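Notes follow the structure.
The values are calculated or read from the model by the stated rules, or taken from the named source; none is laboratory data. Everything numeric here is computed off the predicted structure, so don't read it as measured data. All Cβ positions, glycine included, derive from the backbone under ideal geometry; neighbour counts span all protein chains shown.
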Amino acid sequence: MNNLDKIFHLKENHTDVKTEVIAGVTTFMTMAYILAVNPSIMSAAGMDSGAIFTATALASMIATLCMAAFANYPFVLAPGMGLNAYFAYTVVINMGYSWEMALAAVFIEGLIFIALSLTKVREGIFNAIPMCLKNAVSAGIGLFIAFIGLQNAKLTVNSDSTLVTIFSMSGSLKNGTFRSQGITALLALIGVLIIGVLMVKKVKGNILLGIFITWGLGILCQFAGLYVPDPANGFYSLLPDFSSGFGIPSLAPTFLKMDFSKVFSGEFLVVIFAFLFVDMFDTLGTLIGVASKADMLDEEGKLPRISGALLADAVGTSVGAALGVSTTTTFVESASGVTEGGRTGLTSVTSALLFGLSLFLSPIFLAIPSFATAPALIVVGFLMISSVLKVDFSDLCQGIPAFITLIAMPFMYSISEGIALGTISFVVINVLAGPEKRKAISPVMYVLAILFAAKYFVI
């Protein structure tokens, strides 16, 4: 115990081993859903779900241990929600890059973030971006994730006349697809309500519990004959396959599979910047937000040892890319551990060890169907969109660019398009609004706007 006190400075931070361990377990429970959700999202890009599960657990463990070592903070890291969706659905599916190229972009973004974390450049860039765009990006990602969740749940389906529409339960009963697609769409809707109730009741690990309860209801439906697997159309048995035991899925399909062949193309540089932009501001926002709850900020509102925390995030990103996952970042769910009294890196170490232990539970996590993880995406979208409340929409020079950022992400199915159009619109509107508004534009914003415009008209 004395050794732990020396390493983590427990007494200095007014905590003890028991409190830190409980905090670590709590944080893990609130964010363990990523072990089920991430393979589901990234497999859409053609990646091996077993390898993704292993890479997710390893990247989370390594990055979180780095946080404990570099900063001694109770923050836990994992492949970030929103960035995994951007990776799979925008960069790979929409833009046509291979997942190997996308991993290369994440790896380079991590290296750039490492360099920025060791210098003052990061702070300069952060301060140059107006708060209205920072908040709008977070909210826009929330809408984007929720939209993906609705699609994965099959609640939102294609329509030739309106582009998208709601899934027809009566239609599925008539055409005989209710016991596959129909029942899973209904279970996904029930799953959203379950998680919502658990959140209202302030149940610890509400998202993870909601996933497991929804999955459990699906298994009951399968036993009762209400759900009938239809592998030809993507509806499989809901029962875990323990035939291979509790072994760890091979990492070989994704490990060091990065493709750097198009790194220096204009469009690809935009992809790298989008990863960097979202990662940087999401991380900083999360760190400051969680630290304020733990009363860790100094008199000036700054976080001591923030460079170490950012370095852990950046190292985790590059290591994660090498393993085969999208950007690894600090999770806002770390606040749950802080609420339980976690104040040091021992909380992080506890969560990291649990991520390591989860490697041996792959048959369970890999069997969780998309209709059970979809409610988690929808609810995470709700949690992220709340940042839009911080935007001053009465100031049109802020409100309009924020709105453009917000709607572009889900409607154009791309986080990077939202960032690009939001930046361009902010600069143009404020330049034309007059000398006073023009002062709000930093030189960095002018450069970014020109680069983004070039993306559409030159590159």
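Could you go through region 120-135 and let me know if any residue there is modelled with pLDDT of 80 or more and in a loop (DSSP other than H, G, I, E, B). Yes.
Test residue 72 against the stated conditions and say whether it is under 30 Å from residue 400 (Cβ atoms) and either touching a residue at least 24 places away in the same chain (Cβ under 8 Å) or of a type in the set (S, T, N, Q) (or both).
Numbers: under 30 Å from residue 400 (Cβ atoms): no; either touching a residue at least 24 places away in the same chain (Cβ under 8 Å) or of a type in the set (S, T, N, Q) (or both): yes.
Considered against the rule, which asks whether it is under 30 Å from residue 400 (Cβ atoms) and either touching a residue at least 24 places away in the same chain (Cβ under 8 Å) or of a type in the set (S, T, N, Q) (or both), residue 72 comes out as no.
Within region 147-170, the residues that satisfy the criterion of being among the small types (Gly, Ala, Ser), more than 23 Å from the chain's Cα centre (by Cα) and either under 22 Å from residue 377 (Cβ atoms) or surrounded by 12 or more Cβ atoms within 10 Å (Cβ to Cβ) (or both) are 159, 168. Scanning region 68-102 for residues that are under 25 Å from residue 22 (Cβ atoms), in a helix (DSSP H, G or I) and out of contact with any Ser or Thr (no Cβ under 6 Å at 6 or more places or on another chain) turns up 69, 70, 71.
In contact with a strand residue (DSSP E or B) (Cβ under 7 Å, 6 or more places away or on another chain) and not β-branched (Val, Ile, Thr) - does that describe any residue in region 42-57?
Filtering region 42-57 down to residues in contact with a strand residue (DSSP E or B) (Cβ under 7 Å, 6 or more places away or on another chain) leaves 56.
Filter again for not β-branched (Val, Ile, Thr), leaving none.
No, every residue in region 42-57 fails to be in contact with a strand residue (DSSP E or B) (Cβ under 7 Å, 6 or more places away or on another chain) and not β-branched (Val, Ile, Thr).
Conditions (1) surrounded by fewer than 24 Cβ atoms within 10 Å (Cβ to Cβ); (2) basic (Lys, Arg); (3) closer than 16 Å to residue 347 by Cα; (4) in contact with a helix residue (DSSP H, G or I) (Cβ under 8 Å, 6 or more places away or on another chain), marked per residue:
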residue: 3; (1), (2), (3), (4): yes, no, yes, no
residue: 8; (1), (2), (3), (4): yes, no, yes, yes
residue: 13; (1), (2), (3), (4): yes, no, yes, no
residue: 22; (1), (2), (3), (4): yes, no, yes, no
residue: 27; (1), (2), (3), (4): no, no, yes, yes
residue: 44; (1), (2), (3), (4): yes, no, no, yes
residue: 47; (1), (2), (3), (4): no, no, no, yes
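Of the helices (runs of 4 or more DSSP H) entirely within region 310-408, those holding at least 2 residues that are within 24 Å of residue 144 (Cβ to Cβ) occupy 334-339, 370-385.
Every condition in (1) buried (at least 24 other Cβ atoms within 10 Å of the Cβ); (2) in contact with a Ser or Thr (Cβ under 9 Å, 6 or more places away or on another chain); (3) closer than 30 Å to residue 265 by Cβ holds for residue 105 except the one numbered (2). Could you tell me whether any residue of region 432-449 is surrounded by 14 or more Cβ atoms within 10 Å (Cβ to Cβ), assigned to a helix (DSSP H, G or I) and of a type in the set (Asp, Glu)? So far as region 432-449 goes, no, none of its residues is surrounded by 14 or more Cβ atoms within 10 Å (Cβ to Cβ), assigned to a helix (DSSP H, G or I) and of a type in the set (Asp, Glu). Comparison of 358, 370 shows that the only residue that is of a type in the set (Ser, Thr, Tyr), surrounded by fewer than 24 Cβ atoms within 10 Å (Cβ to Cβ) and over 23 Å from residue 92 (Cα atoms) is 358. Against the list (1) closer than 25 Å to residue 403 by Cβ; (2) aromatic (Phe, Trp, Tyr); (3) part of a loop (DSSP other than H, G, I, E, B), the condition residue 227 fails is (1).
Across region 305-360, the number of residues qualifying as small (Gly, Ala, Ser) and touching a strand residue (DSSP E or B) at 6+ places or on another chain (Cβ under 8 Å) comes to 5.
Could you list, in sequence order, the residues of region 88-111 that are modelled with pLDDT of 90 or more and among the aromatic types (Phe, Trp, Tyr)? 99, 107, listed by residue number.
Among residues of region 371-389 being modelled with pLDDT of 85 or more and farther than 25 Å from residue 40 by Cα, the one that is nearest to the chain's Cα centre (by Cα) is 388.
Looking only at region 55-62, decide whether some residue is modelled with pLDDT of 90 or more, assigned to a helix (DSSP H, G or I) and either touching a Cys at 6+ places or on another chain (Cβ under 8 Å) or within 20 Å of residue 414 (Cα to Cα) (or both). Give the steps one after another, and end with the answer.
Just the residues of region 55-62 that are modelled with pLDDT of 90 or more, to begin with: 55-62.
Then keep just the ones that are assigned to a helix (DSSP H, G or I); that gives 55-62.
With the extra rule that they be either touching a Cys at 6+ places or on another chain (Cβ under 8 Å) or within 20 Å of residue 414 (Cα to Cα) (or both), the set shrinks to none.
Within region 55-62 (the criterion being modelled with pLDDT of 90 or more, assigned to a helix (DSSP H, G or I) and either touching a Cys at 6+ places or on another chain (Cβ under 8 Å) or within 20 Å of residue 414 (Cα to Cα) (or both)), the answer is no, since none of the residues qualifies.
Flag not set for residue 90, criterion: surrounded by 23 or more Cβ atoms within 10 Å (Cβ to Cβ) and either within 26 Å of residue 349 (Cβ to Cβ) or touching a residue at least 24 places away in the same chain (Cβ under 8 Å) (or both).
For the condition crowded, with 16+ Cβ neighbours inside 10 Å, among the β-branched types (Val, Ile, Thr) and either under 27 Å from residue 180 (Cα atoms) or at pLDDT 80 or above (or both), what is the one hit in 248, 219?
From the options 248, 219, the qualifying one is 219.
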